[in-house]
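Participant: One structure is given below, represented as structure tokens, and several questions about it will come after.
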Amino acid sequence: MGIKIPIYRPSLDGNEKLYVNECLDSSWISSRGEFIARFEKEFRNFIGIEHATSVSNGTVALHLALVTLGIGYGDEVIVPSFTYIASVSSIAHTGATPVFVDSLEGSWQMDPADVRKKITPKTKAIMAVHLYGHPCEMDELVKIAKEKNIFFVEDCAEAFGSLYNGKHVGTFGDLATFSFYGNKTITTGEGGMVVTNDETLYDRAYHLKMHGLAKYREYWHDVLGFNYRMTNICAAIGLAQIENANDKIKKKRMLAEAYNKAFKNLPVKYHREQGNVFHSYWMYSILVDSPQTREELRDYLKKAGIETRPTFFPVHTMPMFSQRYQKLPIAEYLGWHGINLPSWPDLTDEDIQYITDTIAKFF
């Protein structure tokens, strides 16, 4: 049976076609055009940040943030193991060493106590990843970074619209990054953003993403930079998406509430809000009692036409990072027991009922 309810489907019900056609009609389809600045402005306004520069995807956003901070060979960056590989590969691509920390059982986010244990004289930065839309413990992590005089980077790829103590994630760190891949809460197809309240860091990031082009001399490059620019077409889609962002987030929250209610009496644990946070529920995730149950449930749902994904496998267990053996028990538990369910904002009530009824029948 072919999949009839995918894990994710982008919502493109706004001005996306109108704005893209404006790009085509004007012939401004590459990395210049009015939609770049318009999207960056609306993004800044939405999360409440001083500076934002768009890039071609979320992974290069992370790499650009780290390079902007001067992170490279000989440095260490603390990062959760329970995350998508891009958080870690971006560190490795600078030449720095990722240092893995465990997760908190309740929120699934990086454990500040383990962060403290892993800091060494080589630690240059902490990278907080707001996994699946739930904010990290920002008060404690920011406190640690300030005490130790190290940089603080936020990976907000999965957490656009999430709040910690009423403040948008992405506004706490020296630099923060977002992803607009096709399955993100707002999408540009491929794309990302680097944001900061520090004008000097913004200037450095912009300079580096533009091939290191000198500001006052045409075709003169004074640093070795990158081509990490977003296209005007992608920015046009992003502008249309952010116009409807609050509605998309509201629908995701309503979906999570429906799932929570349906699973209340089932033998599953679901990803709950911990503390004074606003969880944007990029992905709705559950935990089951064993890895075997996970695979059996996923197979059962697949046969019923419902696509799922496993939660992320802990990166410290992957071949390129497992030479130094370590145990991170919470990250490993979350990685072996978790399932992401269909989480797109336009799921119908009938779809939700079908998914929850099918899961109930399995148990």
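The values are calculated or read from the model by the stated rules, or taken from the named source; none is laboratory data. Everything numeric here is computed off the predicted structure, so don't read it as measured data. Ideal geometry is used to build each Cβ from the backbone, glycine not excepted, and the neighbour counts take in all protein chains shown.
Participant: Checking residue 329 against (1) exposed (fewer than 12 other Cβ atoms within 10 Å of the Cβ); (2) modelled with pLDDT under 95: exactly one of these is not met. Which one?
Facilitator: (2)
Participant: Restricted to the stretch 281-311, and to residues that are among the β-branched types (Val, Ile, Thr) and closer than 30 Å to residue 164 by Cβ, which residue is nearest to the chain's Cα centre (by Cα)?
Facilitator: Restricting to residues being among the β-branched types (Val, Ile, Thr) and closer than 30 Å to residue 164 by Cβ, the top hit is 311.
Participant: Right, another one. Restricting the search to the stretch 1-45, which residues are of a type in the set (S, T, N, Q) and in a helix (DSSP H, G or I)?
Facilitator: 21, 26, 45
Participant: Okay, moving on. Pairs needed: first member in the stretch 297-322, under 15 Å from residue 363 (Cα atoms); second member anywhere, part of a loop (DSSP other than H, G, I, E, B); C-beta distance under 7 Å; at least 6 residues apart or different chains.
Facilitator: 297/288; 298/308; 301/308
Participant: Is it the case that the stretch 197-205 has a residue that's of a type outside the set (S, T, N, Q) and either under 17 Å from residue 79 (Cα atoms) or in contact with a Lys or Arg (Cβ under 7 Å, 6 or more places away or on another chain) (or both)?
Facilitator: Going through the stretch 197-205, the residues of a type outside the set (S, T, N, Q) turn out to be 198-199, 201-205.
Right, trim to either under 17 Å from residue 79 (Cα atoms) or in contact with a Lys or Arg (Cβ under 7 Å, 6 or more places away or on another chain) (or both) and you get none.
No, the stretch 197-205 has no match at all.
Participant: Could you list, in sequence order, the residues of the stretch 73-90 that are assigned to a strand (DSSP E or B) and in contact with a Leu (Cβ under 8 Å, 6 or more places away or on another chain)?
Facilitator: The first filter runs over the stretch 73-90 and keeps only residues assigned to a strand (DSSP E or B), leaving 76-80.
Selection gives 77, 80.
Participant: Restricting the first residue to the stretch 337-363 and requiring it to be touching a residue at least 60 places away in the same chain (Cβ under 8 Å), which pairs with a second residue that is of a type in the set (Phe, Trp, Tyr) and surrounded by 13 or more Cβ atoms within 10 Å (Cβ to Cβ) meet a Cβ separation below 6 Å and a spacing of at least six or different chains?
Facilitator: From the stretch 337-363, the pairs are 341/284; 343/284; 344/8; 362/300.
Participant: Mind counting the residues in the stretch 111-127 that are in a strand (DSSP E or B), β-branched (Val, Ile, Thr) and under 22 Å from residue 329 (Cβ atoms)? Quick ask: steps written out before the conclusion?
Facilitator: Initially, the stretch 111-127 is screened for residues in a strand (DSSP E or B), giving 123-127.
So of that shortlist, the ones also β-branched (Val, Ile, Thr) come out as 123, 126.
From the residues that got through so far, the ones that are under 22 Å from residue 329 (Cβ atoms) too are 126.
The number of residues fulfilling the criteria is 1.
Participant: Kindly indicate the residue of the stretch 231-268 that is in contact with a Gly (Cβ under 9 Å, 6 or more places away or on another chain) and not in a helix (DSSP H, G or I) and also nearest to residue 343 (Cα to Cα) among those meeting that condition.
Facilitator: That would be 244.
Participant: So is residue 47 touching a residue at least 12 places away in the same chain (Cβ under 8 Å), closer than 29 Å to residue 154 by Cβ and in contact with an Asp or Glu (Cβ under 7 Å, 6 or more places away or on another chain) or not? Full working, then the answer.
Facilitator: Values: touching a residue at least 12 places away in the same chain (Cβ under 8 Å): yes; closer than 29 Å to residue 154 by Cβ: yes; in contact with an Asp or Glu (Cβ under 7 Å, 6 or more places away or on another chain): no.
For residue 47, the condition - touching a residue at least 12 places away in the same chain (Cβ under 8 Å), closer than 29 Å to residue 154 by Cβ and in contact with an Asp or Glu (Cβ under 7 Å, 6 or more places away or on another chain) - is not met.
Participant: If you scan the stretch 142-196, which residues turn out to be of a type in the set (Gly, Ala, Ser) and in contact with a Pro (Cβ under 7 Å, 6 or more places away or on another chain)?
Facilitator: 159, 162, 182
Participant: I'm trying to understand the selection: among the residues of the stretch 272-312, which are surrounded by fewer than 19 Cβ atoms within 10 Å (Cβ to Cβ), within 29 Å of residue 98 (Cα to Cα) and of a type in the set (Phe, Trp, Tyr)?
Facilitator: none
Participant: Also: Which one of 199, 158, 154, 243 is touching a strand residue (DSSP E or B) at 6+ places or on another chain (Cβ under 9 Å) and surrounded by fewer than 24 Cβ atoms within 10 Å (Cβ to Cβ)?
Facilitator: On the way: 158 fails: surrounded by fewer than 24 Cβ atoms within 10 Å (Cβ to Cβ); 154 fails: surrounded by fewer than 24 Cβ atoms within 10 Å (Cβ to Cβ); 243 fails: touching a strand residue (DSSP E or B) at 6+ places or on another chain (Cβ under 9 Å).
Of the residues listed, the single one that is touching a strand residue (DSSP E or B) at 6+ places or on another chain (Cβ under 9 Å) and surrounded by fewer than 24 Cβ atoms within 10 Å (Cβ to Cβ) is 199.
Participant: Being in contact with a Leu (Cβ under 9 Å, 6 or more places away or on another chain), touching a residue at least 12 places away in the same chain (Cβ under 8 Å) and of a type in the set (A, V, I, L, M, F, W, C), is that true of even one residue in the stretch 25-41?
Facilitator: Yes, because at least one residue in the stretch 25-41 is in contact with a Leu (Cβ under 9 Å, 6 or more places away or on another chain), touching a residue at least 12 places away in the same chain (Cβ under 8 Å) and of a type in the set (A, V, I, L, M, F, W, C).
Participant: Now, a different point. Among 87, 54, which is in the same structural domain as residue 206 (by TED's automatic domain parsing), polar (S, T, N, Q) and either out of contact with any strand residue (DSSP E or B) (no Cβ under 9 Å at 6 or more places or on another chain) or closer than 30 Å to residue 306 by Cα (or both)? Explain how you work it out, then say what you get.
Facilitator: Working: 54 fails: either out of contact with any strand residue (DSSP E or B) (no Cβ under 9 Å at 6 or more places or on another chain) or closer than 30 Å to residue 306 by Cα (or both).
That would be 87, the only listed residue that is in the same structural domain as residue 206 (by TED's automatic domain parsing), polar (S, T, N, Q) and either out of contact with any strand residue (DSSP E or B) (no Cβ under 9 Å at 6 or more places or on another chain) or closer than 30 Å to residue 306 by Cα (or both).
Participant: Within the stretch 336-363, restricting attention to residues that are outside any helix (DSSP H, G or I), buried (at least 17 other Cβ atoms within 10 Å of the Cβ) and of a type outside the set (Gly, Ala, Ser), which residue is farthest from the chain's Cα centre (by Cα)?
Facilitator: Initial filter on the stretch 336-363 (outside any helix (DSSP H, G or I)): 338-348, 363.
From the residues that got through so far, the ones that are buried (at least 17 other Cβ atoms within 10 Å of the Cβ) too are 338-345, 347.
From what's left, of a type outside the set (Gly, Ala, Ser): 339-342, 344-345, 347.
Numbers: 339: 17, 340: 15, 341: 17, 342: 17, 344: 15, 345: 17, 347: 21 Å.
The qualifying residue farthest from the chain's Cα centre (by Cα) is 347.
Participant: Looking at 54, 103, 81, which one is farther than 28 Å from residue 166 by Cβ, surrounded by 24 or more Cβ atoms within 10 Å (Cβ to Cβ) and touching a helix residue (DSSP H, G or I) at 6+ places or on another chain (Cβ under 6 Å)?
Facilitator: 81
Participant: Would you confirm whether or not the stretch 15-23 contains a residue that is farther than 30 Å from residue 310 by Cα, in contact with a strand residue (DSSP E or B) (Cβ under 9 Å, 6 or more places away or on another chain) and in the same structural domain as residue 190 (by TED's automatic domain parsing)? Talk me through it step by step, then tell me what you get.
Facilitator: Going residue by residue through the stretch 15-23, those that are farther than 30 Å from residue 310 by Cα are 15-23.
This time we only want the ones that are in contact with a strand residue (DSSP E or B) (Cβ under 9 Å, 6 or more places away or on another chain), so: none.
Among the residues of the stretch 15-23, not one is farther than 30 Å from residue 310 by Cα, in contact with a strand residue (DSSP E or B) (Cβ under 9 Å, 6 or more places away or on another chain) and in the same structural domain as residue 190 (by TED's automatic domain parsing), which makes the answer no.
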